[in-house]
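S.K.: What follows is a structure written as structure tokens; I'll ask about it next.
Coordinate-derived values only; no laboratory data. In this text, all values refer to a predicted model and were calculated from it rather than measured experimentally. Backbone-built Cβ (ideal geometry, glycine too); neighbour counts: all protein chains shown.
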Amino acid sequence: MKRRNKVNAEFSMSSLTDIIFLLLIFFMLTSSMIQINVDLPVSDSTTVAPTDLVVMMTKDGKLTFNGKRSSWKTLEKRIAKEVHYGGNKPNATVNIVSENGVPWERVHRVIKIAAGLKLKAIIATKPRG
């Protein structure tokens, strides 16, 4: 019997893919845990709305769409683009998260944008109590 003493020059990628997969999971979980606390209006409503399209407004004038800073000029285009690529157009709902003290004109402006795109708009509130 003859023995072959060849050196195997292959590199195992299985451990590297495990590490990359774990890092991906870590960043996905930590990015979704970021929350911004705003004082919402109070309501008796118990409707649970989908959070696919979230427009958030604060008293100091900041406007965000799906967690990313936005401006009034680009808001309608960004919502339309998200609906187009999201694929859930019949059930798409714009969830308006408006801090107490935001002028009603700003909330109404977002409602008009949603209506122009033939989308439903819901104003987020917190329960009484």
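S.K.: Once you put a point 7 Å from the Cα of Lys68 and another 7 Å from the Cα of Thr125, both along the Cβ direction, what distance in nm separates them?
M.R.: 3.2
S.K.: Determine the sum of side-chain charges near Thr74: Lys and Arg each +1, Asp and Glu each -1, restricted to other residues whose C-beta is under 13 angstrom from that of Thr74.
M.R.: +4
S.K.: Subtract the Cα-Cα distance of Thr17 and Glu82 from 0.36 nm times their separation in residues, and report this length gain in nm to one decimal.
M.R.: Gain on extension, Thr17 to Glu82, equals 20.3 nm.
S.K.: Filter Lys81/Lys120; Lys62/Lys120; Lys68/Lys118 down to the pairs with a C-alpha to C-alpha distance above 18 Å, please.
M.R.: Lys62/Lys120; Lys68/Lys118
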